[in-house]
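Please read the structure below before turning to the comments.
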Amino acid sequence: MSTDSKHSSNRREFLKNTVAAVGSAALYGMLPAGIRAGAWAAGSDAPEKTELKVGFIPLTDCASVVMASVKEFDKKYGIKIVLSKEASWAAVRDKLVNGELDAAHVLYGLVYGVNLGIGGPKKDMAVLMTLNHNGQAITLSNQLKDKGATDGASLAKLIANEKREYTFAQTFPTGTHAMWLYYWLAHFGIDPLKDVKTITVPPPQMVANMRIGNMDGYCVGEPWNARAIMDKIGFTAETTQGIWKDHPEKVLGTTADFVKQNPNAARALTMAVLEASRYIDTPANRAEVAKIIADKAYVNTAVEVIEGRMRGEYDNGLGKTWKDPDAMKFFNDGAVNVPYLSDGMWFLTQHKRWGLLKEHPDYLAVARQINQLELYKQAAGQLGISVPSSPMRSSTLFDGLKWDGSDPKAYADGFKIKA
């Protein structure tokens, strides 16, 4: 063996033995990033479970969990992600609760709903990180367009003047799409609980249901809004980033029990998905990502249906095209992925607004229980991703209302249209 090879071998052995003996975050912080990644699975920081079953729904924003597996970012941290394509959010919920899935690409509001026993069985839940901001939309049918309803204001006018049962679909009762849809309708004076009928439809079934006339409109993630335009059955009335710029959307969700029993595996999974998020948000990689997730194993649609809006190239189906700077983001220098407490609390305010919660919860306490900020900070720190000092953030939605989590009770009670 050459002297260089001997030194290299001795160095690896030294690192391996030292990490096994100490296994501390402090030691890792002193090591170069490349060595840290290679040494992560050693010693007391080794994942308790090395094969993790991760569920996803066929949507553009499943990309980070898919790419973490396809690009083998998981291997770097001593785990193997086994992807499980699910048919509905209810199936994701049930499989998380009963342990068939270790974690999932899941709706923010679903996780919070399960934790409080609304929208299904009650189970203590955990959010490891946020997967994406933006990139959903509200689609209306071409039949509404023919009646002159092309935006919220004209839709409200039509509903007021032409009485019939109007049906709108969302993807899960406590989920993000239900909350965006209700918020948007209510802003234009349409009570989503009284003036229209709302139904639950799994994301991949939205287009087919609109084609046969089962609904007048829906709120869903991409690519199922772009698909409606391509199939000439609907148009985009509003993007969700138009309602709330950089809004929280899907999360990497799991149960509290999983995190308690497998903290290292949970951190390793978070790191793998963080790496994938950073990879996706590199503009040069977006075409490759679109091609991979379009495959029938994942989203199962034409690449062009995914890629356009993924790049921020929008066509609303009414003749308007634009480059949206606030299209779907997966990383944004780490700003996307922080599990802000205020983000989770917002969904609780809407659950209370629409009568899903009968009483005000302890908003901050619930968010602190669910959002795994410390674990996220550890994962982000190992990857050199900065974490903001505050677990809260401030946003102003399209109606001019500011949300910062400071007074959730007053915020929830302050809406004119509510249950």
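Of the options Leu131, Phe347, Val111, report the single residue whose Cα projects farthest towards the positive end of the charge dipole of the chain (beta-carbon charges: Lys, Arg +1; Asp, Glu -1).
Farthest towards the positive end: Val111.
Calculated from DSSP H runs of 4 or more alone, at -39500 (n - 2.57) each and per residue, what is the 222 nm mean residue ellipticity of the chain, nearest 500? Don't skip to the end; give the middle numbers.
Working: 20 runs with 179 residues, N = 419.
Using -39500 (n - 2.57) per qualifying helix, the result is -12000 deg cm²/dmol.
For region 254-309, just run the numbers: alpha carbon Rg, then divide by 2.2 N^0.38 Å, N being how many residues it has.
On the way: Rg = 15.1 Å, N = 56, 2.2 N^0.38 = 10.2 Å.
My calculation over the Cα atoms of region 254-309 gives 1.48.
In the neighborhood of Val366, defined by Cβ-to-Cβ distances under 12 Å, what is the net charge if each Lys or Arg adds +1 and each Asp or Glu adds -1?
Details: positive: Lys352, Arg368; negative: Asp124, Asp362.
Charge balance near Val366 sits at 0.
Beta carbons within 10 angstrom, averaged per residue: use that to sort the peptides 197-209, 104-116, highest first.
Values: 197-209: 18.7, 104-116: 26.5.
Ranked from most to least packed, the peptides come out as 104-116, 197-209.
Which parts of region 249-268 would a label at Asp362 reach, counting a residue when its backbone N lies under 14 Å from a point 7 Å out along Cα-to-Cβ?
Nothing falls inside the zone, counting backbone N under 14 Å.
Can you tell me the FRET efficiency between Arg311 and Asp231 if r is taken as the Cβ-Cβ distance and R0 is 22 Å, rounded to the nearest 0.05? Provide the component values of the computation, followed by the final result.
Values: r = 20 Å, r/R0 = 0.93.
My answer for the efficiency is 0.60.
Is the shape of region 48-145 best called rounded, prolate or oblate, per the rule: a/c under 1.5 gives rounded, else a/b larger than b/c gives prolate, else oblate, with a ≥ b ≥ c the square roots of the Cα gyration tensor eigenvalues? Could you put the intermediate results ahead of the total?
On the way: a/c = 2.24, a/b = 1.32, b/c = 1.70.
Judged from the Cα gyration tensor, region 48-145 comes out oblate (a/c at least 1.5, b/c at or above a/b).
Could you tell me the extents of the chain's C-alpha atoms along the three principal axes, largest first, rounded to whole Å?
Largest first, the chain extends 85, 45, 36 Å along its Cα principal axes.
Which order do peptides 293-306, 173-186 fall in by mean Cβ count within 10 Å, highest first? Write down the numbers at each step before the final one.
Values: 293-306: 18.7, 173-186: 25.4.
The densest-packed peptide leads the list: 173-186, 293-306.
Gain in length, Arg211 to Lys122, computed as 0.36 nm per residue apart minus the alpha-carbon separation, to one decimal in nm?
Numbers: separation 89, 0.36 × 89 = 32.04 nm, distance 3.56 nm.
Length difference between fully extended and current span is 28.5 nm.
Output the Kirkwood hydrodynamic radius of region 130-270, Cα pairs only, in Å rounded to one decimal.
Details: mean 1/r = 0.0625 Å⁻¹.
So the Kirkwood estimate lands at 16.0 Å.
With +1 assigned to the C-beta of every Lys and Arg and -1 to the C-beta of every Asp and Glu, and no other charges, what is the dipole magnitude of the chain about the Cα centre in debye, to the nearest 20?
Details: 49 positive and 45 negative charges, 54 e Å.
Computed about the Cα centre, the dipole is about 260 debye.
Among 336-344, 383-391, what's the highest-first ranking by average C-beta atoms within 10 angstrom per residue? Write down the numbers at each step before the final one.
Numbers: 336-344: 24.7, 383-391: 13.4.
Ranked from most to least packed, the peptides come out as 336-344, 383-391.
Would you compute the Debye intensity of region 282-328 from its alpha-carbon atoms alone, equal scatterers and no solvent, and pass along log10 I(q)/I(0) at q = 0.28, 0.31 Å⁻¹ to two decimals?
Rounded to two decimals, the profile gives -1.01, -1.09.
In a solvent-free Debye calculation with one equal scatterer on each Cα, what is log10 I(q)/I(0) for region 67-111 at q = 0.25, 0.26, 0.29 Å⁻¹, listed in the order of the q values?
After summing over all Cα pairs, the log10 values are -0.92, -0.95, -1.03.
Enumerate the amide H contacts of Lys197 below 5 Å, restricted to partners 5 or more residues apart or on another chain; note that Pro and chain-start residues carry no placed amide H.
Residues meeting the criterion, in which the H sits 1.01 Å from N, are Tyr166, Thr167, Phe168.
Treat every Asp and Glu Cβ in region 284-419 as -1 and every Lys and Arg Cβ as +1, leave all other atoms uncharged, and give the resulting dipole magnitude about the Cα centre to the nearest 20 debye.
On the way: 18 positive and 17 negative charges, 55 e Å.
In debye, rounded to 20, region 284-419 gives about 260.
Which whole-percent values make up P(r) of region 119-192 when all C-alpha to C-alpha distances are grouped in 5 Å steps starting at zero?
3, 12, 21, 22, 16, 10, 7, 5, 4, 0
Please work out how much length the chain gains when fully extended from Glu165 to Ala302, using 0.36 nm per residue of separation minus the C-alpha to C-alpha distance, in nm with one decimal. If you can, show how the numbers build up before the last one.
Details: separation 137, 0.36 × 137 = 49.32 nm, distance 3.35 nm.
Contour length minus the Cα-Cα distance gives 46.0 nm.
Could I have the simple spin-label model distance between Ala284 and Trp322, label points 7 Å from Cα toward Cβ, reported in nm to one decimal?
Going from the Ala284 label point to the Trp322 one covers 3.1 nm.
Set the Förster radius R0 to 35 Å, insert the Cβ-Cβ distance between Glu72 and Glu374 as r into 1/(1 + (r/R0)^6), and round the FRET efficiency to 0.05. Please report the intermediate quantities before stating the final value.
Working: r = 27 Å, r/R0 = 0.77.
It comes to 0.80.
Relative contact order, percent, of the chain when contacts are C-alpha pairs under 8 Å separated by at least 6 residues?
Relative CO of the chain lands at 21 percent.
So which of Lys329/Lys409; Lys49/Lys71; Lys163/Lys194; Lys123/Lys260; Lys197/Lys352; Lys260/Lys329 end up more than 23 Å apart by C-alpha?
On the way: Lys329/Lys409 30 Å; Lys49/Lys71 20 Å; Lys163/Lys194 13 Å; Lys123/Lys260 14 Å; Lys197/Lys352 19 Å; Lys260/Lys329 30 Å.
Exceeds cut-off: Lys329/Lys409; Lys260/Lys329.
So what is the orientation-averaged projected area of region 291-381, using the convex hull of its C-alpha atoms, in nm²? Mind showing how you got there, number by number?
Details: hull surface 37.7 nm².
The number I arrive at for region 291-381 is 9.4 nm².
When the Cα centres of region 165-207 and region 126-156 are compared, how far apart do they sit, in Å?
Each part reduced to its Cα centre gives a spacing of 9 Å.
Nearest 20 debye, what's the magnitude of the dipole of region 328-378 about its Cα centre given +1 on Lys and Arg Cβ and -1 on Asp and Glu Cβ?
Numbers: 6 positive and 5 negative charges, 31 e Å.
About 140 debye.
Each reported figure results from applying straightforward, stated rules to the coordinates on display, with no laboratory input. Worth saying up front: this structure is predicted, and the values here are computed from it rather than measured. Glycine also receives a Cβ, built like all others from the backbone with ideal geometry; neighbour counts cover every protein chain displayed.
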